[in-house]
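Here's the structure, in structure tokens; my notes come after.
The values are calculated or read from the model by the stated rules, or taken from the named source; none is laboratory data. Computed from a predicted structure; not experimentally measured. All Cβ positions, glycine included, derive from the backbone under ideal geometry; neighbour counts span all protein chains shown. Accessible surface areas use protein heavy atoms only, side chains included; no ligands, DNA or RNA. Shrake-Rupley method; radii C 1.70, N 1.55, O 1.52, S 1.80 Å.
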Amino acid sequence: MEKAINRQKILLHHLNPSSSTHANESSSLSASACAAGDSAAYHRTSTFGDDVVIVAAYRTALCKSKRGGFKDTHADDLLAPVLKAVIERTNVNPSEVGDIVVGSVLAPGSQRASECRMAAFYAGFPETVPVRTVNRQCSSGLQAVADVAAAIRAGFYDIGIGAGLESMTANPMAWEGSVNPKVKMFEQAQNCLLPMGITSENVANRFGVSRKEQDLAAVESHRRAAAATASGRFKDEIIPVSTKIVDPKSGEEKPVTISVDDGIRPGTTVSDLGRLKPVFKKDGTTTAGNSSQVSDGAGAVLLMKRSIAQQKGLPILGVFRTFSAVGVDPAIMGVGPAAAIPVAVKAAGLELDDIDLFEINEAFASQFVYCRNKLGLDPEKINVNGGAMAIGHPLGATGARCVATLLHEMKKRGRDCRFGVISMCIGTGMGAAAVFESGDCADELCNARKVDNLLLSKDAR
């Protein structure tokens, strides 16, 4: 009960009136046992209208690098359709957007920044709307969304777009130039240069994640993604992209419209994956089948203050609650979500049991299985429509893709699905996580479930 009282004090601190209109009212509030139920553990900010909300989140299909549907598509032509969609489908005037922040990893910084600015013009944004890029490796798309949310909260602007973009066809993973020999003097710095597959092997070896566990996770990812595709689960989040496919032999161009993820293998079995050889280590367990796919794609998320969304009469897809980025050992960078998720969840005043859905990026099955087991998460809550092993992992776009996937799935599940978490590991040893609340579950006066006892359910047990 002491824990419950302490958390109520945090809540009451946020609820204490600060406006001059309350000057004659008592500002003394005290904590006590309440009947508010599970959600009482969650605290809101003092001004409901200042919540940062998401009113639109879309992505392209994700396609296999160098041989998929976007192999002949310029990066700016991937980004433009999703930028255009978040504006057109909400009828927001593009000139009202305060900033467009795009997560991207592999392309040279100045080139990608120019491509993103070009894409904004293709999408119909005026010259007055600025654009910038952000790179925190695999979390770049989520970092872009978090940066926009933070800027809105700070009052820099009221409306912004967080996006993500990666063409791993155009920009493969590679180190350019020489490596500073000084790195040999610092083990952790040297581990920043480890191939990601080796860090996967390190996680599997150090924490005892077997080859069978990894292959089972990959099979389940493909099974869920295939089922979601077949049932139309992704249709609300995917923006069809009109582009071209070039025949490598004849050079003939064929116009196509891409609207389906093309890396999903519905018939994948453990037996099939068991025949694949390890890629990074002769006696290892990480294979092409239990790793994320190298992909091309983009996503965009439109955020604004709740009060602005209400003025415009826009339905709220979700509420941005908290974000965390943490550092971990570079040699086992895949453990990042296990470190970042608890921090983000605690910052929201929640516990892991309060989270209804998780989107945890499947960089490698080894680290995905480890993080799931380490946090004791229910597998039925994680990547319910498959993950990166099946859908793909275009590095800079993954965070934005996950926002679209999570919020549209939460919307489909209705009021029984209130809180969601997105998380991923990050090369060089980090993890990121963000907490979102379903837009349909929040209202100005009451956010509590009805219960039949007087205990703050999760704290008073």
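Worth a mention:
- The residues in segment 263-289 that are touching a residue at least 12 places away in the same chain (Cβ under 8 Å) and either touching a Pro at 6+ places or on another chain (Cβ under 7 Å) or open to solvent by 50 Å² or more (accessible area, probe 1.4 Å) (or both) can be counted, and the count is 14.
- Some residue of segment 227-241 being in contact (Cβ under 8 Å) with a residue 12 or more places away in the chain, within 17 Å of Gly387 (Cβ to Cβ) and of a type in the set (Val, Ile, Thr): yes
- Number of residues in segment 290-323 that are under 30 Å from Arg275 (Cβ atoms) and crowded, with 22+ Cβ neighbours inside 10 Å: the value is 7.
- Condition met for Gln310 (in a helix (DSSP H, G or I) and either polar (S, T, N, Q) or more than 20 Å from Gly164 (Cα to Cα) (or both)): yes
- Residue that is buried (at least 23 other Cβ atoms within 10 Å of the Cβ), closer than 17 Å to Ala397 by Cα, touching a helix residue (DSSP H, G or I) at 6+ places or on another chain (Cβ under 6 Å) and among the small types (Gly, Ala, Ser), where the choices are Ser104, Ser140: Ser104
- Conditions (1) closer than 25 Å to His393 by Cα; (2) at pLDDT 95 or above; number of the one not met by Gly109: (2)
- Residue among Glu166, Glu176, Glu201 that is closer than 24 Å to Ser295 by Cβ, open to solvent by 60 Å² or more (accessible area, probe 1.4 Å) and of a type outside the set (Ser, Thr, Tyr): Glu176
- Cβ-Cβ contacts under 8 Å between residues 6 or more apart (or on different chains), taken from a first residue in segment 150-165 that is touching a residue at least 60 places away in the same chain (Cβ under 8 Å) to a second residue that is buried (at least 19 other Cβ atoms within 10 Å of the Cβ) and hydroxyl-bearing (Ser, Thr, Tyr), are listed as Gly164/Ser104; Gly164/Ser140; Gly164/Thr398; Leu165/Ser104.
- If you go through segment 112-127 and keep only what is in a loop (DSSP other than H, G, I, E, B) and farther than 21 Å from Ala56 by Cβ, you end up with just Glu127.
- Look at segment 309-324: where a residue is under 12 Å from Ser438 (Cβ atoms) and among the basic types (Lys, Arg) and a partner is modelled with pLDDT of 95 or more and assigned to a strand (DSSP E or B), sitting 6+ places away or on another chain with Cβ atoms under 6 Å, you get Arg321/Val435; Arg321/Glu437.
- Taking the listed residues Ser95, Ser110, the one that is at negative phi, without any contact (Cβ under 8 Å) to a residue 12 or more places away in the chain and open to solvent by 60 Å² or more (accessible area, probe 1.4 Å) is Ser110, with no other qualifying.
- Helices (runs of 4 or more DSSP H) within segment 151-265 that include 2 or more residues within 23 Å of Phe368 (Cβ to Cβ): 196-207, 211-230
- Residue within segment 231-244 that is under 19 Å from Leu395 (Cα atoms), open to solvent by 70 Å² or more (accessible area, probe 1.4 Å) and of a type outside the set (S, T, N, Q) present: no
- Within segment 171-185, residues that are in contact (Cβ under 8 Å) with a residue 24 or more places away in the chain sit with their Cβ atoms under 7 Å from residues that are open to solvent by less than 100 Å² (accessible area, probe 1.4 Å), at 6+ positions apart or across chains, in these pairs: Asn171/Leu106; Asn171/Ala107; Met173/Leu106.
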